[in-house]
Each structure stands twice: as structure tokens, then as C-alpha cells.
Amino acid sequence: MEKYLDIIQKAYSGYWNYLKQELISINHWDNYFYGLVILSLLVWTLEILFPWRKNQSLFRKDFWLDTFYMFFNFFLLNLLVLIALSNTVAELFNDALSIIGLKISSFQLFDVDDMPRWLGLFIFFIISDFVQWNTHRLLHRVPFLWNFHKVHHSVKEMGFAAHLRYHWMEPIVYKSLLYIPIAIIGGFDAQDVAFVHFFAIAIGHLNHANLGWDYGILKYVFNNPKMHIWHHAKALPKHTAYGVNYGITLSLWDYLFKTDHVPANGRDIELGFEDDDHFPKTFLQQSIYPLKTKKTELS
């Protein structure tokens, strides 16, 4: 137990020092804090210059709530929960394997360090995006997880910051399911991971922005605003009970597994989910909503 408490303590102190360094240092390319600020301003500028829904306010509905979510989920959530949790879970998993005489490297299929850098980066990107696509499907299909995912689908007007409006439980689910497939490959450079992660953030911002783009022929490869808005449609198509267009960065998986759905121009469709009029409107209320819902179901 003392070992795990030490891991948690080091995770908190280490991330706190990292966060302070992010705020005071702007001379490295992978500064997440200022990178997120600059990226958000760039995509917001695109919304201003090329608005798809021209009547939508510049400061759309829940703009400031989503902005708070964006910074909370991207930075403070790591400080409060994710780093300590993920480090502890990883150590627990390795300890459990050691009991039966194994370690995570025993499952390693190959090491990307043995490959050209571009190929290793490509493999990391493809595997992580596919795992996240499947995780996204689970968030819609499992009622317990859907109650958490409702926070993201409570968005009523799309804009770049809606991308990072999600419940704190979601990254725990994503990271847990992503840990093993990434660990069994091994050899990833931290800067490479940062590059892939930030590329996904950029695509996600664009997907949720007030932009009417589909990237032409590349729409069959990359998720895009015209496709993703149907994922947020309040009225689901008759052929599915759980949702459509689950792509995170790539739309490719939806086209391959027949979960794609772009029937028309979705510029003015209603967003949300059934009975979302009764969904909480504030950050704190949305944070405890799934827990209250579970308690109500059990009573």
C-alpha cells in the first residue's frame, strides 16, 4: 500500500510542477496550455469568418460553460484525478501480472523503435484511434456509461469548445481501455505521443465548430463538421438505437463498419437527446448527474 501511496504523491507533485512549467514556459513547441489556447482561437476565428449557421451567436449557448470544461478537462482533471489514477492502475496491473510470473513486456508484439519513425507514429495513431472509436460506441451502448456521455450530448449549439465538454469519467474509461493495446506495442516517444494527441484535438475542435466543411474526398478518411453534427442529432435514424458516426479523428471506421450516417445537410438539425430539457445546466449538476441517476434506479 505504501508503494501505491508514493506513486499517487509523486503523480500529484510531478504534474503540478509540469503544469506550472507549462504556464511560465512558452519556448517549446509541445506546450499544451498555450497550444490549446492558440488552437482554440484559430478555430474560433474560422467560425467567425466562415460561419455555417450564420444566425448563431458568436458567444453561442453555453459558450462559457464549454470553455470552462475545455480547460478543466484538459488540465485540472489530470491534476485532480487522471495522472495519479492511471499511474496507480498501471502499477497494479503490472503487479497482478507479476504474481503469475509475467510482465507487460511479455505481451509486446513489436517495438516501434525498430521501425522508421513515421511508421511507428502511424501505427500508434491508427491503433489509438480505433480503440477510441470502439470505446465511443460503448459509451452509447452501455446505459451506465451513456449517463456519463450525456454531458457531451447535452450541447444544443455546436462550437469548437463543445469538443471538450465531457464528464470526468470518460477519460478514465478511454485511458483504461487504451492502456493495454498501447502498452503491448511499446517504444513510443513522448513527443510523438504529444504530436498525435494534439492532432486529434485539432480535428475534434474542427468537428464541433460552426463550420460547414466535409473535406471533399477526405471525408471518407477524416471526421468532419458535416458528418459529426449528425452524431449529435436529437432524432436518431430508424436503423440504429444507439447512434451514428462514432469517429474520433478518423471517419474511416464508420464507413468500414457501416455506422456512417450523413443523409442530408445537417446545418439546422436539433441537437441533444430525448428528454434533455430536464438535463442539468451547470457543471456541478452535470458532474453528479450520473451518480444521482444510478441512485434513483437502485431505489
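Quick notes on this structure:
- Label-point separation in nm, L138 to L256, each point 7 Å along Cα→Cβ: 1.8
- Ranking of I172, I203 by neighbouring Cβ atoms within 10 Å, starting from the fewest: I172, I203.
- Gain on full extension, evaluated as 0.36 nm per residue between K156 and F122 minus their Cα-Cα distance, stands at 8.8 nm.
- Shape category assigned to segment 205-299 from the gyration tensor of Cα positions, a/c cut at 1.5: prolate
- The calculated FRET efficiency for L284 paired with L218, based on their beta-carbon distance and R0 = 45 Å, is about 0.65.
- Surrounding net charge for V221, when Lys and Arg each add one and Asp and Glu each subtract one, Cβ distance under 15 Å: -2
- Residue order, fewest to most beta carbons within 10 Å, for K156, K150: K156, K150
- Distance in nm between pseudo-label sites at L42 and A194 (7 Å out along the Cβ direction from Cα): 1.6
- Filter on K238/K292; K61/K234; K150/K258; K219/K292; K226/K292 - keep pairs with C-alpha separation over 28 Å: K238/K292; K219/K292; K226/K292
Quick note: the coordinates plus some simple rules give every number you see, no bench work behind them. Just so it is clear, the model here is predicted, and its values are computed rather than measured. Methodologically, a virtual Cβ is constructed for each residue, glycine included, from the backbone with ideal geometry; neighbour enumeration extends over all protein chains shown.
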